[in-house]
1. Between S203 and R64, what is the label-to-label distance in nm when each label sits 7 Å out along the Cα-to-Cβ direction?
2. Would you grab the residues whose amide H sits under 5 Å from the one on T179? Only those 5+ places off in sequence or on another chain, please, with H modelled 1.01 Å from N.
3. Quick one: which residues, 5+ away or cross-chain, put their amide H under 5 Å from the amide H of V143? H built at 1.01 Å from N.
4. Using a 7 Å offset from the Cα along the Cα-to-Cβ direction at both S116 and Q50, what is the distance between the two label points in nm, to one decimal?
5. Per 0.36 nm of contour for each residue apart, how much would the distance between V158 and Y77 grow if the chain were fully extended, relative to their Cα-Cα spacing?
6. Taking amide H atoms as placed 1.01 Å from N in the peptide plane, list the residues 5 or more away in sequence, or in a different chain, whose amide H sits under 5 Å from that of N220.
7. Between R165 and M225, what FRET efficiency follows from the Cβ-Cβ distance if R0 is 25 Å, with the result rounded to 0.05?
8. Could you state the number of Å between the C-alpha centres of region 149-210 and region 66-120?
Amino acid sequence: MDECQEGELMRSVLVVNPKGGSGKTTIATNVAVYYAVRGQRTTLLDMDPQASATDWLAARPDTRPEIVGVQGSADGYRIPRNTEVLVIDAPAGLRGRELSDLLRKAQTAIVPVLPSAIDLRALTRFHDEIMGFARVQNHQVRVATVANRVRETSPSRVLLEESLRKLRLADNRKLPFTTVLRHSQLYVKAAERGLGILELAPSLVMHELELWQPLVRWLNSKRSMPE
């Protein structure tokens, strides 16, 4: 993956989709690993009551780059002051005021979407809602999609990609569609050990890292940052 550029302010990335099972935690933990491996002080804010990201951190070896975990489903949580990158794993079912509150904490929002009719219908409703928020309309938070857990030879991949490419921002510009991440047991194996895909043997994950490149390039570009 490409090297990220450190900004003057804390970098904040929200991984969000109100549809459960979309792979938010997988994306969030791997984004956190990317920044931590690059030497940035990274905090992973786990807003999901299921606490999957917190469980992942509990399995993370002390020998790996540190990622500070904060359980956000309880009141009164605090983000460490020295945090350079904040990655937020949003809960399922996020709507209305709760969604608005999390968008205020983020510069960037990543929306993972699975290749199924149910997920595409849920995405249409979520797209309409998120485009109604002033922070999104005014480009104070940048939003992009990721096709997640896709089987490369499946016909549903084509339908998913076509659907994501058609989505528009409030000003009618295209909503960025960054990449297609494939359905791979390598993510499961990494998660079991508290690792990210970047931390597995390069010979095993070469293809996965290639698929991550477009998302990483977008995260490192001005297009992913507020105006």
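Every read-out reported here was derived from the displayed coordinates using simple, explicitly stated rules and does not represent laboratory data. These numbers were taken from a predicted model, which means no experiment stands behind them. We place every Cβ from the backbone using ideal geometry, glycine too, and count neighbours over all the protein chains shown.
1. Between S203 and R64, the label points sit 2.1 nm apart.
2. A147
3. For V143, whose amide H was placed from the backbone, the distant partners under 5 Å are A109.
4. If labels sit at S116 and Q50, their model points lie 1.1 nm apart.
5. Working: separation 81, 0.36 × 81 = 29.16 nm, distance 4.15 nm.
Extra length from V158 to Y77 when fully extended: 25.0 nm.
6. Distant-sequence amide H within range of N220: zero hits.
7. Values: r = 22 Å, r/R0 = 0.89.
Efficiency for this residue pair is about 0.65.
8. 19 Å
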